[in-house]
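All remarks here apply to the structure that follows.
Read-outs: derived from the displayed coordinates by stated rules, not from any lab. This is a predicted model, so every value here is computed, not measured. Don't worry about glycine lacking a Cβ; one is built from the backbone with ideal geometry, like all the others, and counts go over all protein chains shown.
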2 protein chains.
Amino acid sequence: MPELRKDPVLGRWVIISTERGRRPSDFKPEERSSTGGFCPLCEGNEDKTPPEVLAFRNNGTPPNTQGWSLRVVPNKFPALRIEGDLNREGDGVYDKMTGIGAHEVVIETPLHHETLATLPLEAVENVLRAYRERIVDLRRDRRFQYVLVFKNHGQAAGASLEHSHSQIIALPIVPKRVKEEIEGAKNYFNYKDRCVFCDIISQELNQRKRIIAENSGFVSVAPFASNFPFESWVLPKTYHPNFGFMEPFA
Amino acid sequence: MPELRKDPVLGRWVIISTERGRRPSDFKPEERSSTGGFCPLCEGNEDKTPPEVLAFRNNGTPPNTQGWSLRVVPNKFPALRIEGDLNREGDGVYDKMTGIGAHEVVIETPLHHETLATLPLEAVENVLRAYRERIVDLRRDRRFQYVLVFKNHGQAAGASLEHSHSQIIALPIVPKRVKEEIEGAKNYFNYKDRCVFCDIISQELNQRKRIIAENSGFVSVAPFASNFPFESWVLPKTYHPNFGFMEPFA
């Protein structure tokens, strides 16, 4: 059973999940190319994943069979377990809780060699739509405090399977980094009576020095204080506190 | 000129240093072995580095010649510049300051193929002694708020040169992570009237579940809430607020 442990100095929660060391990998150590073996995420191998929790399918095809353009399935080697109660416990100076949460895999395409960059536009839209639908659904579980969507592209980024996919994790805590973002935005608002993200968007649109792309709904910028090369932010131009509340944008 | 930029939401300072992209590398992309070319850190190549700021040398050998067991030199491709004044400036919602600081390289051995793990004990002691001497010296510069020592071992960790070395950076700000550690320790002390690190040491010595090594002066533990595999902490058993103030331990 995975466990959440709190750093007694920093107050940050860490997932301790020993089982995940046993998950399969497409990538051999010391080698950067794929092994080209069996892929559980490919069309036709639906019985090799846990049953789907969401899928976009051709009309009439039954769940967990061929005929899908996108599937969301529970991760077979989850960092956190969906079953069980959230128990909190102390051990002297240390605090821990049971590793309750959801860990899902968004299989973005039935085809092994496609990537987000090569998919047609409507397939990319479906990926974003799947994120939103799963976030809205997972928010209903009262044990969860935060839903995180992430994508590791390639072995160097930590991906263990080559087939294009992203991951969704629902957590029983709010990550420290997110708390700090909320806190920072609150402090800014308390001082200025303005939203910090609205101020950033307005300055970037004005200066036009760091804009990567823009349309009527969104602007993408290279942040002023980037943490890594090619970091980019996508910001909605109209005020939106939560991705799960957004309507599809035409 | 490098620049420090503040993330307007998180309040974290980031070093923006475009010049460092031009530094040399022993490692070609797509290749994990060394290129075996010329090494500026090897004995005999003292004129290929900036003049040493500290060295442990055989009696009578002049600075910047052969005959040393350890040298500390300024980094030829520094992330921060030592020359200049610390200027702070705003640009609308953004804050920045000049990238003033020190960036030094500790060349741990004259021999190219030695590592910290293969060096004799007294050479390792000298590395720690060099860290302390440089920290004490850099603290005298009133522009600096924090001195950071780090070591990247191997290409995967970010090392660009194979020859065993570590780096010292003096910063005009206290990193957010360190501020949070100080803040966390303060909060704990305010609530418990006890030092959180003393409590951790006492519980670990009692439980003996996570101790890696121990002698009369220090204890090394695998932290309760590790952030990465094989993370380990080395803690002095007697209360010490600053590594720079420590006396050599016999």
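Counts of other chain beta carbons within 10 angstrom of each beta carbon in peptide A:188-201 average 2.
Which loop chymotrypsin sites (Phe, Trp or Tyr not before Pro) in region A:128-232, with loop taken from DSSP, have no more than 14 other Cβ atoms within 10 angstrom of their Cβ? Before the final figure, lay out the partial values.
Working: sites: A:131, A:144, A:146, A:150, A:188, A:189, A:191, A:197, A:218, A:224, A:230; in loops: A:144, A:224, A:230.
When the chymotrypsin sites (Phe, Trp or Tyr not before Pro) of region A:128-232 are filtered for loop state and at most 14 Cβ neighbours within 10 Å, A:230 remain.
Region A:128-145 and region A:178-240 have Cα centres separated by 24 Å. Compare B:130, B:157, B:170 in a GNM of chain B, Cα atoms joined below 10 Å, and give the one with the largest fluctuation. Per the Cα network of chain B with a 10 Å cutoff, B:157 tops the list.
Are any of the pairs A:6/A:48; A:176/B:96; B:48/B:151 more than 27 Å apart by Cα-Cα distance, and if so, which?
Values: A:6/A:48 35 Å; A:176/B:96 25 Å; B:48/B:151 21 Å.
Where the Cα-Cα span goes over 27 Å, the pairs concerned are A:6/A:48.
When Lys and Arg each count +1 and Asp and Glu each count -1, what net charge do the other residues less than 10 Å away from residue B:149, Cβ to Cβ, add up to?
Working: positive: B:132, B:134, B:151; negative: B:104.
Net local charge, residue B:149 excluded: +2.
Partner chain Cβ atoms within 10 Å, averaged over the residues of B:8-17 - can you pull that number for me?
Details: counts 11, 13, 8, 5, 4, 1, 6, 1, 3, 0.
Going residue by residue through B:8-17 and averaging, the value is 5.
Rounded to the nearest 500, what is chain B's calculated 222 nm mean residue ellipticity when only DSSP H runs of at least 4 contribute -39500 (n - 2.57) each, over all residues? Intermediate values should be presented prior to the final figure.
Values: 3 runs with 48 residues, N = 250.
When only DSSP H runs of four or more count, the value is -6500 deg cm²/dmol.
For residue A:39, the label point sits 7 Å beyond Cα toward Cβ; its separations from the matching points on the remaining copies run 4.2 nm, from shortest to longest. Ranked from shortest, the separations from the 7 Å Cα-to-Cβ label point of residue A:247 to its equivalents in the other copies are 7.4 nm. Other residues with beta-carbon under 13 Å from the beta-carbon of residue A:161 carry, at +1 per Lys or Arg and -1 per Asp or Glu, a net charge of +1.
Averaging over all projection directions, find the projected area of the Cα convex hull of region A:178-245 and quote it in nm² with one decimal place. That works out to 5.4 nm², a quarter of the Cα hull's surface. This model, with +1 at the C-beta of Lys and Arg and -1 at the C-beta of Asp and Glu, gives region A:3-174 a dipole about its Cα centre of some 420 debye.
Across the options A:149, A:164, A:190, the greatest Cα extent toward the positive end of the charge dipole of region A:133-250 (unit charges at beta carbon of Lys, Arg, Asp, Glu) belongs to A:190.
Under a model in which nothing but the beta-carbon of Lys, Arg (+1) and Asp, Glu (-1) is charged, the protein assembly as shown shows a dipole of about 980 debye around its Cα centre. Qualifying GluC sites (Glu not before Pro) in region A:203-250, where qualification requires a DSSP coil assignment and no more than 15 other C-beta atoms within 10 Å, comprise A:231. Its Cα gyration tensor gives region A:113-250 an equivalent ellipsoid; the semi-axes, largest first and in whole Å, are 26, 21, 16.
Around residue A:233, under 13 Å between beta carbons, what's the net of Lys plus Arg minus Asp minus Glu among the other residues? Walk me through the numbers before you get to the answer.
Details: positive: A:210, A:237; negative: A:181, A:204, A:214, A:231, B:7.
Here the charged neighbours net out to -3.
Debye-formula intensities of the protein assembly as shown, expressed as log10 I(q)/I(0) at q = 0.06, 0.08, 0.10 Å⁻¹, are -0.37, -0.66, -1.05 (one equal scatterer per alpha-carbon, no solvent). A label point on residue B:232, set 7 Å along the Cα-to-Cβ line, lies at 4.3 nm from each of its counterparts in the other copies, closest listed first.
Based on C-alpha pairs under 8 angstrom that are at least 6 apart in sequence, chain A has a relative contact order of 16 percent.
The string of couplings for region B:161-170 from the Karplus curve (6.51, -1.76, 1.60, θ = phi - 60°) is 10, 6, 4, 4, 8, 10, 10, 10, 10, 9 Hz, one whole number per residue in order, with x for Gly and Pro. Relative to the compact-globule estimate of 2.2 N^0.38 Å, the Cα radius of gyration of region B:3-174 comes out at 1.12. Loop-located trypsin sites (Lys or Arg not before Pro) across region A:163-238 with a Cβ neighbour count of 13 or fewer within 10 Å are A:194, A:208, A:209, with loop assigned by DSSP. Values of log10 I(q)/I(0) for region A:206-250 across q = 0.19, 0.32 Å⁻¹ run -0.68, -1.19, by the Debye formula with one identical scatterer at each alpha carbon and no solvent.
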